[in-house]
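A quick write-up on the structure given underneath.
The values are calculated or read from the model by the stated rules, or taken from the named source; none is laboratory data. Values in this document were obtained by computation on a predicted structure and should not be read as measured data. Cβ placement follows ideal geometry from the backbone for every residue including glycine, while neighbour counts extend to all protein chains displayed. Surface accessibility is based on the protein's heavy atoms, side chains included, excluding ligands, DNA and RNA. Shrake-Rupley method; radii C 1.70, N 1.55, O 1.52, S 1.80 Å.
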Amino acid sequence: MILIVHGNDIEKSRNYFFEEKNKLKNAVLINPESVTVDLLFQTSENTHFFEKETTIIIENFFSKIKTNSNEFKDITSYVNKNKTINIIFWENTEISKIALSAFSNATVKNFSLPKKLFLFLDNIKPNNSKYLINLFHELLKTMEAEIIFFMIVRQLRLLIARIENSSNSIDEVKKMAPWQLFKFKKQAGYFSREKLISTHKRLFEIDLDQKTGKIPFSTEKSIDFFLADL
């Protein structure tokens, strides 16, 4: 059994992963940076020796090992050929189709955020409040305001990384394709450096005020006010 759980909706994918994990009687967690064919073989053999079914769990395997490396090819080949191995992969992002295709017999569970959310995030810029507020309230029909707020904070953090040229300090930026880097750089260009940093600071203040109860507004209202002030 090979199960791959992934997607950019981390909350839902993580919940599903824990549900599956809690069903297991015996599970072995392997660090993705130390996984090898030999380690998988030893773990699998120990399972047969003690006559108990064990499931191997590896988190963020695809982020740690390059899909074009010999190591990746050796591991996927072994897993595909071993019909008795039980293994669950959980990834905190969406896995590429090329990487997924390496596992021929896997059950894949993809938990994706709405495409409209990324349309909303990509349009965060000054003087665009009316459009953003309308889109935000459309998103609220299917998403929690807290998740949307988290994604706004993430977007601003990535924009700052682009305007500061600090791509080496943020893993998410280092993994971006050239077209993604260009997109973030273009969006960051709508802000002055000072505006971008002050906007991110405002989000931090909203989050802090929400957690300490300093403002009488809901997260939804706080986002409305934030967007109106852009």
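Per residue of segment 132-138, in order, report the coupling 6.51 cos²θ - 1.76 cosθ + 1.60 (Karplus, θ = phi - 60°) as ³J(HN,Hα) in whole Hz, putting x for Gly and Pro.
Each residue of segment 132-138 in turn: 5, 5, 4, 5, 4, 6, 5 Hz.
Could you tell me which GluC sites (Glu not before Pro) in segment 191-220 are loop residues by DSSP with no more than 14 other beta carbons within 10 angstrom of their beta carbon?
On the way: sites: GLU194, GLU205, GLU220; in loops: none.
Hits after loop and neighbour filter: nothing returned.
So how much accessible area does LYS221 have, in Å² to the nearest 10, using a 1.4 Å probe?
100
So for each of 100-108, 81-89 I average, over its residues, the number of other beta carbons within 10 Å; can you give me the resulting order with the highest mean first?
81-89, 100-108
What accessible area, in Å² to the nearest ten, does a 1.4 Å probe give for HIS200?
Accessible area of HIS200: about 50 Å².
Which cross-chain or sequence-distant (5 or more) residues have an amide H under 5 Å from the amide H of VAL108, H modelled 1.01 Å from N in plane?
ILE4
Evaluate E = 1/(1 + (r/R0)^6) for GLU11 and SER104, where r is the Cβ-Cβ distance and R0 equals 30 Å; express this FRET efficiency to the nearest 0.05.
After rounding to 0.05, the efficiency reads 0.55.
Using a 1.4 angstrom probe on the protein heavy atoms only, could you order ASP74, ASP224 from most to least accessible area?
From most exposed to least exposed: ASP74, ASP224.
For ASN60, list long-range residues whose amide hydrogen, built 1.01 Å from N in the peptide plane, is under 5 Å from its own amide hydrogen.
The list, which skips near neighbours in sequence, is TRP90, GLU91, ASN92.
I need the phi-derived Karplus couplings for segment 64-76: 6.51 cos²θ - 1.76 cosθ + 1.60, θ = phi - 60°, integer Hz, Gly and Pro marked x.
Going residue by residue, I get 8, 10, 5, 5, 9, 7, 5, 4, 4, 5, 5, 5, 5 Hz, with x marking Gly and Pro.
Report, to the nearest whole %, how much of the accessible area of the chain belongs to carbon and sulfur atoms, 1.4 Å probe, protein only.
For the chain, the apolar C and S fraction of the accessible surface comes to 52 percent.
According to the square roots a ≥ b ≥ c of the eigenvalues of the Cα gyration tensor, what is the shape class of segment 1-94, taking rounded for a/c under 1.5, prolate for a/b larger than b/c otherwise, and oblate for the remainder?
The shape class here is oblate.
Principal axis lengths of segment 59-123 from Cα atoms, whole Å, largest first?
46, 23, 18
How big is the chain along each principal axis, measuring the range of its Cα positions in Å and listing the largest first?
64, 36, 27
Per-residue counts of other Cβ atoms within 10 Å, averaged by peptide: what ranking do you get for 129-139, 25-35, highest first?
With the highest mean Cβ count within 10 Å placed first, the list reads 129-139, 25-35.
Please state the relative contact order of the chain as a whole percent: Cα pairs under 8 Å, 6+ residues apart?
Once normalised by length, the contact order is 23 percent.
When the chain is fully extended, how far beyond the present Cα-Cα distance does ASN80 get from GLU19, taking 0.36 nm per residue of separation?
Length gained, ASN80 through GLU19: 19.5 nm.
Can you tell me how segment 96-230 classifies by the Cα gyration tensor, rounded, prolate or oblate, using a/c under 1.5 as the rounded cut?
It comes out oblate by the Cα gyration axes.
What list of ³J(HN,Hα) values in whole Hz, one per residue of segment 28-45 in order, does the Karplus curve 6.51 cos²θ - 1.76 cosθ + 1.60 (θ = phi - 60°) give from phi, with Gly and Pro shown as x?
For segment 28-45, the Karplus-derived couplings read 10, 8, 10, 5, x, 7, 10, 5, 9, 4, 4, 5, 5, 5, 4, 5, 5, 5 Hz, x marking Gly and Pro.
So who's got an amide H within less than 5 Å of the one on VAL28, skipping anything under 5 residues away but keeping other chains? H placed 1.01 Å off N, in plane.
Amide H to amide H, under 5 Å and 5 or more residues apart or across chains, VAL28 pairs with THR55, ILE56, ILE57.
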